[in-house]
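These notes concern the structure reproduced below.
The values are calculated or read from the model by the stated rules, or taken from the named source; none is laboratory data. In this text, all values refer to a predicted model and were calculated from it rather than measured experimentally. A quick note on method: Cβ atoms are made from the backbone with ideal geometry, for glycine too, and the neighbour counts reach across all protein chains shown.
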Amino acid sequence: MTEAHFLSRVFPTPSFSAAEQAEIITAFRQVRFAKGDHLQEEGKTARYYHFMESGLARSYATDTEGRDISTGFYTSGDIVIDWTSFFLRSPAREHIQALSTCTCWQLDFETFQRLFHTIEAFREAGRTRLVQSYVELKNQSISMITDPARERYKRLLREKPEICRNVSLKQIASYLGITDTSLSRIRREIARGS
C-alpha cells in the first residue's frame, strides 16, 4: 500500500499538509500477526491503535460460564482497538485475536497523543472515527434487542461478507446472540431464498 493510499484509508476526509502527511505516515509502523495471535489481551491496557490493512480479526469476552463470546469483527480498513482501554488507560475487558494472517499499521499511545494534540486534521479525523465507532456499537446493542436474528445475520452478510465466508459458525453465532443450530437454519433459509 502506498503511503498516500494508506493515509487516505485511515483518515478518508481530512486534508493534511505535506509536512503533516509525512509526520503521520512515519509515525505508523507496519506489523504482522499470525492466525491466533492476540492484538490485545484481556486484563492488559491497550498500548496500540491498529489500522487493518489486510486480514480478519475478532474481539471477544469470556462470559460467566467460561464461554468466549464474539463482540466484534475487523476487516481491511477497520481500526482495531479497545477504545475504552486505549483512551482511559484501563485494563481491557476483552481480547482481540487474529483470525487469519493480519497486516496492520500500528501507532503507540504516546505518539497518538502527540499527533492528536499537534495536528488539527488528525484530531478531527480521530474524533470522527471515535464517533463512528460509538454509533456502530450503539446500533449493534439496539439491534440485539429489537431485530430478529435473521435480520442481524443479513446485516452482517451485507456489511462484512468476508466474515460470513471465513469465520467459524460458532464465532458468528455468539456475536449474533444465537446458537450454532439457529444460525445454520438461517443460512439454509437464506440460501433457499425463503
Hey, can you tell me all the residues within segment 36-57 that are closer than 21 Å to SER85 by Cβ, in a strand (DSSP E or B) and not hydrophobic (A, V, I, L, M, F, W, C)? HIS38, GLN40, THR45, TYR48, TYR49, HIS50
Residue list for segment 153-179, restricted to those being out of contact with any Cys (no Cβ under 7 Å at 6 or more places or on another chain) and farther than 22 Å from GLU94 by Cα: TYR153, LYS154, ARG155, ARG158, GLU159, PRO161, GLU162, ARG165
In segment 18-60, what count of residues is obtained for those that are surrounded by 16 or more Cβ atoms within 10 Å (Cβ to Cβ), under 18 Å from the mean Cα position of the chain (by Cα) and not charged (D, E, K, R)? 15
So, in segment 175-194, of the ones that are assigned to a helix (DSSP H, G or I) and among the small types (Gly, Ala, Ser), which residue ends up surrounded by the most Cβ atoms within 10 Å (Cβ to Cβ)? SER182
Out of (1) of a type in the set (S, T, N, Q); (2) under 17 Å from the mean Cα position of the chain (by Cα); (3) surrounded by 16 or more Cβ atoms within 10 Å (Cβ to Cβ), what's the single condition that is false for SER76? (3)
Residues that are without any contact (Cβ under 8 Å) to a residue 40 or more places away in the chain and among the basic types (Lys, Arg): which helices (runs of 4 or more DSSP H) entirely in segment 70-174 hold 2 or more of them? 120-146, 149-159
For residues in segment 175-194 being over 19 Å from SER70 (Cα atoms) and among the small types (Gly, Ala, Ser), which is modelled with the highest pLDDT? ALA191
Of everything in segment 99-113, what is more than 17 Å from the chain's Cα centre (by Cα), of a type outside the set (A, V, I, L, M, F, W, C) and surrounded by 14 or more Cβ atoms within 10 Å (Cβ to Cβ)? Give them in sequence order. THR111
Selected residue (criterion: surrounded by the most Cβ atoms within 10 Å (Cβ to Cβ)) from residues of segment 79-98 that are more than 19 Å from ARG123 (Cα to Cα) and within 12 Å of the chain's Cα centre (by Cα): ILE96
Before we move on, is ILE178 more than 16 Å from the chain's Cα centre (by Cα), of a type in the set (A, V, I, L, M) and farther than 19 Å from ALA61 by Cβ? no
Every residue in segment 118-147 that is over 30 Å from SER17 (Cα atoms) and among the polar types (S, T, N, Q), please. ASN139, GLN140, SER141, SER143, THR146
With the structure loaded, tell me whether ALA98 is at pLDDT 90 or above and out of contact with any Ser or Thr (no Cβ under 9 Å at 6 or more places or on another chain) or whether it fails that test. yes
Specify the residue that is nearest to the chain's Cα centre (by Cα); the eligible residues are those in segment 133-165 that are within 19 Å of MET52 (Cα to Cα) and surrounded by 14 or more Cβ atoms within 10 Å (Cβ to Cβ). SER133
Quick count over segment 1-35, residues being at pLDDT 70 or above and part of a loop (DSSP other than H, G, I, E, B), is 6
Pick from PHE109, PHE87: which is closer than 30 Å to SER15 by Cα and at pLDDT 95 or above? PHE109
